[in-house]
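The values are calculated or read from the model by the stated rules, or taken from the named source; none is laboratory data. What you are looking at is a predicted structure, and each value in this text was computed from that prediction instead of being measured. Note that we place each Cβ from the backbone using ideal geometry, even for glycine, and neighbour counts take in every protein chain shown.
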Amino acid sequence: MSPGCCAPSTTPPAPSSRGAPSGPSPAATRTARATRRPRAPTRATSPSCCGRTRPTRRCTRCSTRPATAPTGSPSRWRRSADWPRTDPDPRTAPEEAVPVTARPQNPDPSRPGSPESSTTEAPSKPKRGGSHGVRAARPLAADDRARLLAGAHHDPHALLGAHLVRGGVAFRVLRPYAQAVTVLAKGLRAELHDEGDGLFCGVLPLPEVPEYSLLIAYDDSEIEAEDPYRFLPALGDLDLHLIGEGRHEELWTALGARPMTHQGVPGTRFTVWAPNALGVRVTGDFCYWDGTAYPMRSLGSTGVWELFLPGVGDGALYKFDITRPDGSHTLRADPMARRTEVPPATASIVTESHHVWQDDLWMAARGDRPVHESPFSVYEVHLPSWRPRLTYHQLAEQLPAYVRDLGFTHVEFLPVAEHPFGGSWGYQVTGFYAPTARMGTPDDFRFLVDALHRAGIGVIVDWVPAHFPKDDWALAHFDGRTLYEHEDPARSEHPDWGTLEFDYGRKEVRNFLVANATYWCEEFHIDGLRVDAVASMLYLDYSREEGEWAPNEHGGRENLDAVAFLQEMNATVYRRCPGAITIAEESTAWDGVTRATHHVGPGGFGGLGFGLKWNMGWMHDSLGYAAHEPVHRKYHHHEMTFSMVYAYSENYVLPISHDEVVHGKRSLVSKMPGDWWQQRATHRAYLGFMWAHPGKQLLFMGQEFAQGAEWSETHGPDWWLLDPSYSAEPDHRGVRDLVRDLNTVYRDAPPLWQRDTDPAGFAWVAGDAAEDNVFAFLRHDASGAPLLAVSHFSPVVRHDYRLGVPDTVPAWAEVLNTDAARYGGGDIRNEDPLKPDSTPTHGQPVSIQLTLPPLATVWLRPV
């Protein structure tokens, strides 16, 4: 064995001129040699390859291409000009099979998943009988032959397979490694002529094309296989029309790898959109990553290429070998792949779902629960690091129970779509239709979602349609030209992340993304999509200096194509997936993010159509306030009250997300000033304020038990802090108990969620008590029933603190106090019901006096 698979090969030695005494005469020997094709040598390749010795077109590990074969030696891929042609002229050949010499051995054609998997051991000298009546087919035109062998033919089905011709049926088969190919039909066994370069041809005197299969002889085996080129297109005209229009809402059913039974034969339909390609071939482990034998056909003017491969099924690895416009080749993962290899491997995998859903009750009731008028508290999770090294199935055993115990209504997963770099947390996606294989299969992910639904927990996933990475095996310059990205480099290059932005103005790209949104909701029963980096999509000048961007057709900086895409995506999701919710991470003051798409706002645009929007302003201001020393907070009082100026301009989520606890920002508890006791107390008070504030809540993992360290995707939350053997365990357990009680009271208190989007559901009691660091407000449900929330951000106890209250409530009682002993506080509480007196305060006719614990939030409700 040579030291590397790309080590140069040598021309095989010429046959010996000496004949055996008992053999044929020298003249007869020379005549026989003149009609045989010499054995093809091992391909000439680069000595810098990784060391694989399989004779393929390019090395499958290091992607090294073969060097040119030495002059005078036959190339496996195409004869060099100076290689003497020894095959007989097909125009004068007798109507019988041409003797064939051995070709390079197929490494293991019986490998599972191969379209040629019915293997029988061949005898040491394969029989060549049953070929009478076969005459040579008319040679292919030189241009057709060259393009077919180069993988640059738009319609290989017109050349390969079986076709009616004058005098019979012409068969043409491309099998580069075969010694011989025989056509098998009812009562028929006919060996085809070897035309060189792996082409086998012949004309049989038949009145019509029969049902047939192929018997392919290799060095040590014979394989009976179906001919992929005898099948009609497996993609319908309606699918092609919708793809061409950019309106195929179930695009994943039309493109990609789809196992099916076609014309009575099981196999897989491969389809890919590559309009700029000269040709596309399917390659994979079923052909040892040499797609020479499997060129695809172009279907009309849609840019879609298709091939049905019989015998290829669930679990087969594949890619597309694309011939670029300049004639070079690129090996690409399927943009529509629904399953992938575990990174860093990059192949796509044929898959079909066998999961039986058990969440019928959840899905039936989901549309009956308007999110804006329901409890909605979210636990944000990075699945690979929540508890590292768990699979989807193992997560299904632990995560639902943990989240249900804490009382969250939903979980939100950081992106689960496949991504090559774990350090991106999933925000640089290459496999938009495939859950990451790091934790299991797509059905394993379905099992996790199913388990959460059966536990009464909704599932939201982060979705990233703003950009994609530049990996040369994925979407970037997919078919040799700009395709998914914008053709203008100033528009395609994302200035912050070194990625590429989608071309939202191209209908096929927009269709790819809109269908992807509904795919996650329909195929995986996802209840919501949190759309990442919306601001970067909306503005042409996002992170760009003057001169680095061009205005839109109206002279503005709005990306009109992105606006239209987001509107279409939201409208499609809400129409097709009742009860699903879309959430925008949008950090600017864009008008109408959560307004209906048909309602035109002051800026002349319809709303974007999202259901909810992250309130980045509230997050920034409130965290800034909490980070100040208590003595300085009175100068920043407005940072906690300003959010109510715009709280009802959109439908908001209050996010304490992963972005706020990494990269030097510190964890939530570590942002707070003071000693450990004050940090925990402020942490608890802040959470109490957050849960009472209008809007939905989101909390990232680890913050529910006051983890002191920043989050890292390499090891996840510090669960050891909850270990009873750790001395500070009561401190962290107390914060977790508070989060559990916040969710419990929140879900049972309609004033905290029923009128989140209605200004009548909120009223300040004390919004200007800056000297006291006090914030007090009322929340009302649909019937007008109130809940009083009071947050105190000073480290002192305030006794007999007077607050005005409505005169319709006879008494108030504490329902939650973040200073309770069970949470790790000082247990300063208001034990007895507080009855109003007739002292007017804060614009109310009556008032109550209560004790305010230090650095605490207190909730009171009528009794």
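Values computed for the structure shown
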{"item": "Hits in the stretch 272-316 (condition: of a type in the set (A, V, I, L, M) and either assigned to a helix (DSSP H, G or I) or in contact with a Gly (Cβ under 8 Å, 6 or more places away or on another chain) (or both))", "result": "VAL272, ALA274, ALA277, LEU278, VAL280, VAL282, ALA293, MET296, LEU309, VAL312, ALA316"}
{"item": "Residue list for the stretch 595-619, filter: surrounded by fewer than 20 Cβ atoms within 10 Å (Cβ to Cβ) and touching an Asp or Glu at 6+ places or on another chain (Cβ under 6 Å)", "result": "GLY601, GLY603"}
{"item": "The stretch 195-225 - residue that is of a type in the set (Asp, Glu) and under 42 Å from the mean Cα position of the chain (by Cα) and, of those, nearest to PRO176 (Cα to Cα)", "result": "ASP197"}
{"item": "Which listed residue is in the same structural domain as VAL459 (by TED's automatic domain parsing) and assigned to a strand (DSSP E or B), from ARG530, ARG510", "result": "ARG530"}
{"item": "Flag for ASP807 being touching a residue at least 24 places away in the same chain (Cβ under 8 Å), assigned to a loop (DSSP other than H, G, I, E, B) and exposed (fewer than 14 other Cβ atoms within 10 Å of the Cβ)", "result": "yes"}
{"item": "Single condition ALA763 does not satisfy, out of (1) touching a residue at least 40 places away in the same chain (Cβ under 8 Å); (2) outside any helix (DSSP H, G or I); (3) surrounded by fewer than 22 Cβ atoms within 10 Å (Cβ to Cβ)", "result": "(1)"}
{"item": "Extreme residue, nearest to the chain's Cα centre (by Cα), among residues of the stretch 346-361 that are outside any loop (DSSP other than H, G, I, E, B) and surrounded by 22 or more Cβ atoms within 10 Å (Cβ to Cβ)", "result": "SER348"}
{"item": "Verdict on GLY579 being touching a residue at least 24 places away in the same chain (Cβ under 8 Å) and part of a helix (DSSP H, G or I)", "result": "no"}
{"item": "Check on PRO343, under 30 Å from GLU650 (Cβ atoms), modelled with pLDDT of 95 or more and outside any helix (DSSP H, G or I)", "result": "no"}
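Let's see how each residue does on (1) within 30 Å of SER377 (Cα to Cα); (2) of a type in the set (Phe, Trp, Tyr); (3) under 19 Å from the mean Cα position of the chain (by Cα):
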residue	(1), (2), (3)
PHE478	no, yes, yes
ASP532	yes, no, yes
ALA535	yes, no, no
TYR542	no, yes, no
PRO551	no, no, no
